[in-house]
Amino acid sequence: MSAVNDTKLNSAVFLLTGIPGKENIHLWVSIPFCLMYVISIVGNSVILFIIKTDPSLHEPMYIFLSMLAVTDLGLSISSMPTTLGIFLFNSREISLNACFAQLFFIHVLKCIESSMLLLMAFDRFIAIRDPLRYASILTLPRIAKLGLVCALRGVALILPLPFLLQRFQYCRANVLSHSYCLNQEVMKLACSDIRVNSIYGLSVSVSTVWLDSLLIFLSYVMILKTVLSITSHAECLRALNTCVSHLCAVLLFYTPMIGLSVIHRLGEGSSPLLQIPLGYIHVLVPPVMNPIVYSVKSKHLRARIIRVFVK
């Protein structure tokens, strides 16, 4: 019986979904998707190149931005093969092991990006609250340790998920509603009791996304309190302006991610017209928009990017 079960588990596949009912226009839909992936990879690579080669940008804010760019690059690369495979070649099948590997990397990178946004909120708070000690508090070794802690936190929390999913038999119609694998969807296709997975997945979500978003909110409450104590109106606006890029990145990341999480857990039978766009937005939009937002809002970064392309 054990041998039969193992054979069944290893031979099973999942079927990914592009845009249901619109298979005839998948090739046309692939054009904006390819464009978004190109913008994401080129944009984040340019950000990394500029920060690495320009010593004047070796400051805490830009180092955190480079960490965010690395995370966004990984996120784009993790979802790109299956997404473009569906829209370009109608390749829907993915093996269990490949699916588990993909969901591991996507969830780890989303967890790390959440941690990065929290660190960037802390960076903005220190820069506004105590600018004279800013460089002495956020030293390069300390930043490196914080980045390592974020990476280890993501790996430690997400690593059990693929092993928990491997315990199950998948005997239902293994059709996923996205063009990539997510833990919330895969575990619902199991023919076994998924309470342990559901509780663990919820605890991971609460201890990462929900906790980080709460701490970011509290950090901005303290930032706002500090800014309102500044007597000069011009200085107050200047301090708030340094937070605009980060606020945009936070909204781009958390809004679709929290919405999709709520739909997966509470929205049984919800309309795919909401679930499918949110699924693509929460993976594709932050890696595309973050380099654009920071390039537009950061005067120093924008000037150096223009200088490189002009040369």
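The values are calculated or read from the model by the stated rules, or taken from the named source; none is laboratory data. Because the structure is a prediction, the values reported are computed rather than measured. Positions of Cβ are generated from backbone atoms using ideal geometry, with glycine treated the same way; all protein chains shown enter the neighbour counts.
For residue 308, indicate whether it is at pLDDT below 85 and of a type in the set (A, V, I, L, M, F, W, C).
Here the answer is yes, as residue 308 does meet what is asked.
Exactly one of (1) touching an Asp or Glu at 6+ places or on another chain (Cβ under 6 Å); (2) of a type in the set (Val, Ile, Thr); (3) in a loop (DSSP other than H, G, I, E, B) is unmet by residue 19. Its number?
(1)
Got at least one residue in segment 226-243 being over 27 Å from residue 77 (Cβ atoms), in contact with a Leu (Cβ under 9 Å, 6 or more places away or on another chain), at pLDDT 85 or above and assigned to a helix (DSSP H, G or I)?
So far as segment 226-243 goes, yes, one or more of its residues are over 27 Å from residue 77 (Cβ atoms), in contact with a Leu (Cβ under 9 Å, 6 or more places away or on another chain), at pLDDT 85 or above and assigned to a helix (DSSP H, G or I).
Within segment 149-187, which residues are over 17 Å from the mean Cα position of the chain (by Cα), exposed (fewer than 14 other Cβ atoms within 10 Å of the Cβ) and in a loop (DSSP other than H, G, I, E, B)?
Within segment 149-187, 167, 169, 171, 172, 173 qualify.
Going through 128, 199, 216 one at a time, which residue ends up being surrounded by fewer than 19 Cβ atoms within 10 Å (Cβ to Cβ), assigned to a helix (DSSP H, G or I) and among the β-branched types (Val, Ile, Thr)?
199
Only one residue in 95, 78, 66, 115 is of a type in the set (Gly, Ala, Ser), out of contact with any helix residue (DSSP H, G or I) (no Cβ under 8 Å at 6 or more places or on another chain) and surrounded by fewer than 24 Cβ atoms within 10 Å (Cβ to Cβ). Which one?
Matching residue, one of 95, 78, 66, 115: 95.
Could you tell me which residue of segment 24-41 is surrounded by the fewest Cβ atoms within 10 Å (Cβ to Cβ), considering only residues that are in contact (Cβ under 8 Å) with a residue 60 or more places away in the chain, within 22 Å of residue 182 (Cα to Cα) and out of contact with any Ser or Thr (no Cβ under 8 Å at 6 or more places or on another chain)?
26
Which condition from (1) modelled with pLDDT under 90; (2) under 25 Å from residue 162 (Cα atoms); (3) touching a helix residue (DSSP H, G or I) at 6+ places or on another chain (Cβ under 8 Å) is the one that residue 266 breaks?
The one condition residue 266 does not meet is (3).
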